[in-house]
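Please read the structure below before turning to the comments.
Values quoted throughout were computed directly from the atomic coordinates according to the rules given, and no laboratory measurement underlies them. A quick note: this is a predicted structure, and the numbers were derived from the prediction, not measured. Ideal geometry is used to build each Cβ from the backbone, glycine not excepted, and the neighbour counts take in all protein chains shown.
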Amino acid sequence: MKKIEVLTLAAVASFAACSPHIHLDILGTSELQEVVLLPSPAQDKVLMVDVSGLISTTLEAGPLAREKDLVTQVYARLERAARDPLVRAVILRLDTPGGEVTASDIIYHEVLRFKERTRRPVVGLMMATTASGGYYIAMACDHLLAHPSSLTGSIGVISIHPDIHELLGKVGVRVNIIKSRDLKDAGGPFREMTEDERRVFQGIIDDYYGTFLDVVLKGRRGALTKDELRAAADGRVFTARQALELKLIDEVGYFEDAFRKAKSLASLREARLVSYTHYPKTRSNIYAVTPGVTATLIPNEKTALDSFLATLRSGFYYLWLPEAR
């Protein structure tokens with residue numbers, strides 16, 4: 001953070017402190033607040049939860065944002081919804097190219113756990129992109145609907161291992177590594193990967209890929225065979241219409257279709273649509289993404305995506321990489 005930004009914030013805070021009629025809410029409220037997006041005379045509620053952006057347990061919106069990593073955001077909302085008996089169904093609104101294997105699996109698990117504890121339905125609503133880890137999470141939903149212009153699929157796993165040894169050699173930098181066994185530094189950035197090491201990592205990829213296929217087969221509840229799934233699970237993305245033909249989703253439609261389906265699965269004729277946010281004054285309609293997920297009060301030179309790519313480390317991802325450019 002630049003010094004001038006810190007000084008500006010300090011000056012604003014000082015001015016607000018000396019002015020009793022000015023309220024400066026830098027971080028929003030300390031607790032999640034319920035906001036009504038679609039009013040109704042009914043007391044029952046349908047909650048909309050956003051899964052937006054890169055799926056990670058480490059990527060945060062910024063030092064002054066109430067909202068932290070995506071896993072924390074989703075978990076907090078499901079926990080609050082589980083305590084409210086008036087929340088009768090959830091719409092999980094998905095717009096993500098995927099992300100970390102573990103983070104994707106945690107959110108998937110938490111959605112399943114919410115359903116098991118509460119016996120309340122969850123409808124998945126795919127927006128612009130619901131690929132790879134996003135599709136993995138969607139498999140926890142009872143009904144899956146994609147916006148007509150959605151891209152989805154990218155079923156598969158990618159492992160990223162940067163190799164910078166030639167660059168270091170050009171600038172005269174050498175890295176000395178002392179290790180217990182040959183594979184201790186496998187996949188590291190300071191030397192070329194050997195064929196034996198490639199086989200080791202391919203084995204891990206194959207294991208994660210098998211898990212992904214099992215999750216899809218379970219989530220689609222017999223809608224497609226394993227052979228049909230393998231034919232579609234080559235890493236490519238599909239339009240909503242193509243995904244429907246391949247039986248990867250249940251329906252193509254818009255928000256009102258997802259809302260109607262959520263009420264139907266919960267046996268409700270009417271319901272209020274609500275969301276939870278730390279920023280209740282800015283969460284105003286059904287198309288507004290939860291504030292704080294990607295925004296900070298002090299402008300940064302890097303966006304959340306830039307930060308992710310700048311710190312992209314060796315690892316395994318359910319990620320459609322072209323979207324994370």
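Structure data summary
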item: Calculated FRET efficiency for the pair Lys170/Arg113, C-beta based, R₀ 51 Å, to 0.05; result: 0.50
item: Sites Arg236 and Ile204 - FRET efficiency at Förster radius 35 Å, r taken between beta-carbons, to 0.05; result: 0.95
item: Label-point separation in nm, Ser180 to Tyr254, each point 7 Å along Cα→Cβ; result: 6.0 nm
item: For Leu37, distant residues with modelled amide H under 5 Å away; result: Leu273, Val274, Ser275
item: Gained length - Ser264 relative to Val36, 0.36 nm times residue gap less alpha-carbon distance; result: 80.1 nm
